[in-house]
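A short worksheet on the structure shown next.
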Amino acid sequence: MSDMRFGAFLAPHHPIRENPTLQLQNDLKFVSHLDELGYDEFWCGEHHSTGWEIIASPELFLAAAAERTQRIKLGTGVISLPYHHPFMVAQRLVQLDHQSRGRLIFGSGPGALPSDAHTLGLDPMLLRDRQDEAMGIIRKLLNGEDRFSYESDWFKLRDAKLHLRPLQRDMEFAVASMVSPSGMTLAGKHQAGVLSIGAMVPAGMRSLPTQWSFAEESAKEHGNTVERKNWRIVMNWHIAETREDAREQAKEGLFKHNNEYSVAALNPDEGITYKTPDDAVDAVAFSEGSTAVIGTPDDLVAKIKEMISITGGFGCVIGFVHDWANRENTLKSWDLVARYVVPEINGLIDDYRDSYQFVTTNRETWTRAREAVMNKINSNNRSAEIMETQGYEGEKSKP
């Protein structure tokens, strides 16, 4: 039996047409729904431009989610560390960990959107080094070490020490990873988990077989260890009872998401603009090297097993939350994954199948038990007479 965890990553990516107030409320309802379905983790990110990603503070959103959920882990996916003073990030993490009763995972990144860095006047060449620097400072603060001072070219600390530590004794750190080895290297250095977002694009898929080795090499270099159970692979899917239904439900939203956001907003120079919704579905889900699953629970099971084989093993499947389908069908997709994919991957119904097979292939055992019952009935004259009057003469004749 496997112990694969399942979760969701809400960037969020919402098309520019719906009331943002209602979007946020719907997103909070979605987290609650995942909690009820038994999902293990929920992640949301930080973005400040493009109009599609409206959560500016994952801590604020997760604080509200914590009040609406009971058991699901809540991850910052991610806090863009170069945008914040590390001491203030540590303070917010501590508060959120207490408010969520120890369910927080601290995920960080350098900042995904060039437009965000531009607005803040930050040089993109500095962002990854600043994330690295900030992670070390935050770890030191959360560990409750003695007061210390620190001076950087972008922040200062004087006699720093948190006056409240997290509820968790050892809060998990995680970093986002795309295609380059930098995220994995950082994970090894800081003994952190990984959120592999690059698995949703062809280049990221191609890099997966070698990605974990960078984390292991970095961990060894810094005297740390990393565990595959803390490696999360982010995947795109929309699931329905049939492939035809999944395709019909998802194609218009996927077409819009790809052309208007993934290409026009993020990657106009290299992205592929599709001419029709069917072209988009064919390329994303039904071509060689496709990165998404638009189909049935069995299709997703097969894809996850393929990903396990490609990577050599990981600990958590994270579904990317999108608006390809309408709300009703989106919720149903996540419901189908919880009902059919999770138990299949984790072997939860293997013993059911074994029991069924044993019963259906050992008929002689159950025939003998039936004969024993009839023998007792026939040995009693009154019972035999009753059975005869009710048309059970054939049964009566049996020994």
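Points to keep in mind about this one:
- Global form of region 267-312, assessed from the alpha-carbon gyration tensor, a/c cut-off 1.5: oblate
- Listed candidates [x] 104, 58, 38; [y] 65, 50, 47; [z] 100, 57, 42 - label of the one calculated as Cα extents along the principal axes in Å: [z]
- Where both bridge residues fall in the chain, DSSP classifies roughly 10% of the beta bridges as antiparallel.
- Listed peptides 351-358, 35-42, 231-238, 305-312 by packing density, highest first (mean Cβ within 10 Å): 231-238, 35-42, 305-312, 351-358
- Aspartates and glutamates with Cα under 18 Å of LYS305, excluding same-chain neighbours fewer than 8 positions away: ASP3, GLU288, GLU344, ASP350
- When the listed pairs LYS29/LYS303; LYS29/LYS275; LYS251/LYS275; LYS29/LYS229; LYS73/LYS220 are checked against a 24 Å cut-off, the alpha-carbon distance exceeds it for LYS29/LYS303; LYS29/LYS275; LYS29/LYS229; LYS73/LYS220.
- Ellipticity at 222 nm from helices only: DSSP H runs of n ≥ 4 in the chain, each -39500 (n - 2.57), divided by the residue count, give -14500 deg cm²/dmol.
- Charge dipole of the chain (Cα centre as origin; +1 on each Lys and Arg Cβ, -1 on each Asp and Glu Cβ, all else neutral): 1100 debye, rounded to the nearest 20.
- Among LEU81, LEU266, LEU254, residue whose mean-square fluctuation peaks in a GNM of the chain (springs only between Cα atoms under 10 Å): LEU266
- Placing +1 on the Cβ of every Lys and Arg and -1 on the Cβ of every Asp and Glu, with nothing else charged, gives region 222-336 a dipole about its Cα centre of roughly 500 debye.
- Cα-based shape type of region 144-192, given that a ≥ b ≥ c are square roots of the gyration tensor eigenvalues and the cut on a/c is 1.5: oblate
- Region 222-289 shape via C-alpha gyration tensor axes, a/c threshold 1.5: oblate
- Summing charges over all other residues whose Cβ lies under 15 Å from the Cβ of THR69, with Lys and Arg as +1 and Asp and Glu as -1, gives -1.
Readers should treat all values here as calculations from the given coordinates under stated rules, not as data from a laboratory. Please read these numbers as outputs of a predicted model, since none were measured by experiment. Note that we place each Cβ from the backbone using ideal geometry, even for glycine, and neighbour counts take in every protein chain shown.
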